[in-house]
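So the structure is just underneath, and the comments pick up after that.
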Amino acid sequence: SKPFRTLKKAASEADAGTTVLIRKGNYNEKLVVEHSGTKSKPITFKAYNNEKVVLSGKDLKDVEGDTSLVTINNKNYVTISGLIIQDLSTDLADETVMGIYVTGSSNHITIENNNVQRIETHADNGNGHGIAIYGTGTMKDINIVNNTLQDLKLGSSESLVLNGNIDGFKVENNIVRRSDNIGIDMIGYEGTSNDKKVDYVRNGIVKNNKVYEISSYGNPSYGDDYSAGGIYVDGGKNITIEKNTIYKSDIGIEATSEHAKKYADNIKIMNNIIYDNFYTGISIGGYDENRGGTINSTISQNILYRNDTKGLYGGQLLLQHDTKNNVIERNILTAGPSRIFISNYFTTNQENKLQKNVFHKEKGETGIWIWKEEEYTSFPEFKKASKSDEESSYLDPGYQNANKYDFRLKKDSPAKKIVD
């Protein structure tokens, strides 16, 4: 009967066990969570009855440092649900703008059903994030579910990022689209954590997300590069990336480390549908010999369809510097305009197993495989060079309707017995 007028007042009163129901309207203020919940008494901030609740940053002035519309710092058992978070921008290179910012040692955090849009840096070397989770201390149980992140101008940063000492997370059922740098990113070894030994994101799942129209082309920090990953692991460990759909982005899924002698380790990239991306479908390994690489990882049962649409020699699967002990199996690859299936212009790949992969044979078209800097147009010769198993095949997989992106296999598909 007597609602509070401001989010600030609500946050000051919302202690353990409180649910703050926010009525419809535009709130031109920040929400800073002031208290922690407990396991039996969490704190929730949510839109009342699915009403349209907008947190807008359009009236906030440029200031140096971190600026976010929702901030959770050193808090536990907090949920943010059903909000529209938008219109925060900066012209300053030394201001980082963020829709939602979780930092410190914050545990048991859920970010769900929110729409984060139009968070923008206009500086040449600026930084912006839609949702940023920075584990400067120890973080566990971070859940980012059913959100939409869109129309972001990110500079050198990412749409949705987990960075630092984060042990246990879930990123599921989100839509990430129309933004000018990386879609979903799990990062290690950037000096984010107070403890160097655990400065990497680990033990999590990225599942059922839809990521599209993610490209760094035209971003002032990148110029004409097509280098933004739809989903990116940069130095993470024990992460499963499955059942995501990524298209019309620069790189579908990438797993490596940008730091020399550091690795993306035990990354499982499985059952994803990746098509029409500009540079490549899946990439592992460092982009040059001063980077780290990818080890002990599995790329399995993915559909890689007509990526490398800009003819950048990335092919469907790109193996770069320092890839060791990885298994690439039961994937179906259809070449794009470049006709390249596998692109491997480095000789630093060791002990990688290729088995039961199906390369789509198309009438009147020749496939190209590049392995350890050698180019092959003969499948048997590539198979021998790469030590692929006997079951790896060059044939028409028999999709139901690939033109409409229906990649189910027909009943009589010869690929079924290979990849299932």
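The values are calculated or read from the model by the stated rules, or taken from the named source; none is laboratory data. Remember, it's a predicted structure, so these values are computed and weren't measured experimentally. Cβ coordinates were reconstructed from backbone atoms using ideal geometry, including for glycine residues, and neighbour counts include every protein chain displayed. Remember, those area values only see protein heavy atoms, side chains included, never the ligands or the DNA or RNA. Shrake-Rupley method; radii C 1.70, N 1.55, O 1.52, S 1.80 Å.
Can you tell me, using C-alpha contacts under 8 Å and at least 6 residues apart, the relative contact order of the chain as a whole percent?
For the chain, the relative contact order is 7 percent.
Expressed as a whole number of Å, what is the distance separating the alpha-carbon centroids of segment 316-389 and segment 251-299?
Each part's Cα centre sits 15 Å from the other's.
Pull up all non-local amide H partners of Gly17: gap of 5 or more, or a different chain, and H-to-H distance under 5 Å with H placed in the peptide plane.
For Gly17, whose amide H was placed from the backbone, the distant partners under 5 Å are Thr38, Ile43.
Tell me, rounded to the nearest percent, the portion of alpha carbon pairs in segment 159-229 spaced more than 16 Å apart.
Values: 1387 of 2485 pairs.
Cα-Cα pairs of segment 159-229 separated by over 16 Å account for 56 percent.
How large is ³J(HN,Hα), in whole Hz, for each residue of segment 365-377 in order, when computed from phi with the Karplus curve 6.51 cos²θ - 1.76 cosθ + 1.60 and θ = phi - 60°, using x for Gly and Pro?
10, 9, x, 10, 10, 10, 9, 6, 6, 9, 9, 10, 10
Per-residue HN-Hα couplings for segment 233-247, Karplus 6.51 cos²θ - 1.76 cosθ + 1.60 at θ = phi - 60°, whole Hz, x for Gly and Pro?
10, 10, x, x, 9, 6, 10, 9, 10, 9, 6, 9, 10, 10, 8
Within 10 Å of each candidate Cβ there may be at most 16 other Cβ atoms; applying that plus a DSSP loop requirement, which GluC sites (Glu not before Pro) in segment 354-420 survive?
Glu362, Glu365, Glu373, Glu390, Glu391
May I have the extent of the alpha carbons of segment 243-307 along their three principal axes, as whole Å values ordered from largest to smallest?
Projected onto its principal axes, the Cα set of segment 243-307 covers 31, 22, 13 Å.
Which of rounded, prolate, oblate describes segment 271-394, given a ≥ b ≥ c as roots of the alpha-carbon gyration tensor eigenvalues and a/c under 1.5 marking rounded, otherwise prolate only if a/b is larger than b/c?
Rounded shape, in that the Cα axes give a/c under 1.5.
In square angstrom, what is the accessible area per residue of the chain with a 1.4 angstrom probe?
42
Considering the alpha-carbon set of the chain alone, what are its Rg and its Dmax in angstrom?
Cα radius of gyration and Dmax of the chain are 22.3, 77 Å respectively.
Per the 1.4 Å probe, what fraction of the accessible area of the chain, in percent, lies on carbon and sulfur atoms?
Working: 7560 of 17660 Å².
The nonpolar share, carbon plus sulfur, comes to 43 percent.
Residues with beta-carbon under 15 Å from that of Val206, excluding Val206: net charge, scoring Lys, Arg +1 and Asp, Glu -1?
Summing Lys/Arg as +1 and Asp/Glu as -1 gives +1.
Beyond 25 Å, what percent of the Cα pairs of segment 147-286 remain?
18
Of Lys30/Lys61; Lys24/Lys210; Lys197/Lys353; Lys30/Lys248, which ones are farther than 23 Å apart at the Cα?
Too far apart for the 23 Å limit: Lys24/Lys210; Lys197/Lys353; Lys30/Lys248.
With θ taken as phi - 60° and the coefficients 6.51, -1.76 and 1.60, list the Karplus ³J(HN,Hα) couplings across segment 335-351 in order, rounded to whole Hz; mark glycine and proline as x.
5, x, x, 6, 6, 8, 8, 10, 10, 9, 9, 10, 9, 8, 8, 9, 6
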